[in-house]
Amino acid sequence: MLAIDGRVVTDNIPDFLTALGMLFSSYYCFGIHYSDSGSATLDFIQRCLLKINPEKGSKVKKGSGTHPKVLSLIKAISDYEWNL
């Protein structure tokens, strides 16, 4: 199920990858910022796993930019040359 602002948009999502695509598409199409409680996780998934890494801007609330924990994790992964 995908809900936006408390309204169910769809409840027919066939698999996890489709759900993930719909989730991130919704954030961008509707201009929604990541919630504070999940911003680091969503920012990591966006930048490191999905390779959506804009030169500027972020879906994290204004003024906070890329979460410092995300930056340090990405650096640690690149230091070990893990290929995600």
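The values are calculated or read from the model by the stated rules, or taken from the named source; none is laboratory data. Please read these numbers as outputs of a predicted model, since none were measured by experiment. So basically every Cβ, Gly included, is an ideal-geometry build from the backbone, and we count neighbours across all protein chains shown. In case anyone asks, the SASA skips ligands and DNA or RNA and just uses the protein heavy atoms, side chains included. Shrake-Rupley method; radii C 1.70, N 1.55, O 1.52, S 1.80 Å.
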(message) Considering only residues that are at pLDDT 75 or above and of a type outside the set (D, E, K, R), which ones fall in segment 54-76?
(response) P68, V70, L71, S72, L73, I74, A76
(request) Find all pairs meeting these conditions: Cβ atoms under 7 angstrom apart; at least six residues apart or on different chains; first residue within segment 24-48 and polar (S, T, N, Q); second residue assigned to a loop (DSSP other than H, G, I, E, B) and open to solvent by 30 Å² or more (accessible area, probe 1.4 Å). (result) S26/I32; S39/H67; Q46/I52
(message) Please pick out the residue among D36, D15 that is farther than 21 Å from P68 by Cα and open to solvent by 30 Å² or more (accessible area, probe 1.4 Å).
(response) D15
(request) Go through (1) modelled with pLDDT of 80 or more; (2) among the aliphatic types (A, V, I, L, M); (3) open to solvent by 50 Å² or more (accessible area, probe 1.4 Å) and name the single condition I45 misses. (result) (3)
